[in-house]
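Colleague: Here's a structure for you.
The values are calculated or read from the model by the stated rules, or taken from the named source; none is laboratory data. Being a predicted model, the structure only gives us computed values, none of them experimental. Just the protein is used for accessible areas: all its heavy atoms, side chains included, with ligands, DNA and RNA removed. Shrake-Rupley method; radii C 1.70, N 1.55, O 1.52, S 1.80 Å.
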Amino acid sequence: MTYSLLADAVLVAHLVFILFVVFGGFLLGRFPRLAWLQLPAATWGAIIEFGGWICPLTPLENHLRRLAGQAGYEGGFIAHYLVPIVYPEALSREVQWLLGLGVVVVNLVAYAWRCRAGTRYARRNG
């Protein structure tokens, strides 16, 4: 039971990390110093997708599930949990490239929004 709870905790942490990778840039308006964590996280997320690699949290979750007597799964977190929700078919390299590109584009938008807001604030209070 303990291993099962640990596997579930890794699953939740993995999902939170993915959300932070994709949308964390929008938190910069409120927490600008978060960029020191978010930018490397977004870079890592994009590299994982562009490279077709599996995040290290996936084998950890699978290992904990096997220790709990449960079956692990093939492929990565995104292919197993998220792609079936968003896409009806299996994860392909093309889809991974699109996901990686999505990470880059969303973060460019978020950082551009933050820079623009900072420039406007500086002009008003400069």
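Colleague: Taking Ala35 as the residue in question, decide whether it is at pLDDT below 90, open to solvent by less than 60 Å² (accessible area, probe 1.4 Å) and small (Gly, Ala, Ser).
Modeller: On the way: at pLDDT below 90: no; open to solvent by less than 60 Å² (accessible area, probe 1.4 Å): yes; small (Gly, Ala, Ser): yes.
For Ala35, the condition - at pLDDT below 90, open to solvent by less than 60 Å² (accessible area, probe 1.4 Å) and small (Gly, Ala, Ser) - is not met.
Colleague: Quick one: count up the residues across region 66-112 that are in a helix (DSSP H, G or I), at pLDDT below 70 and of a type in the set (A, V, I, L, M, F, W, C). Reasoning before the result, please.
Modeller: So in region 66-112, the residues in a helix (DSSP H, G or I) come out as 66-67, 77-86, 93-112.
Going one step further and asking which of them are at pLDDT below 70, we end up with 77-86.
Pick out the ones that are also of a type in the set (A, V, I, L, M, F, W, C) and you get 77-79, 82-83, 85-86.
Summing the residues that are in a helix (DSSP H, G or I), at pLDDT below 70 and of a type in the set (A, V, I, L, M, F, W, C) in region 66-112 gives 7.
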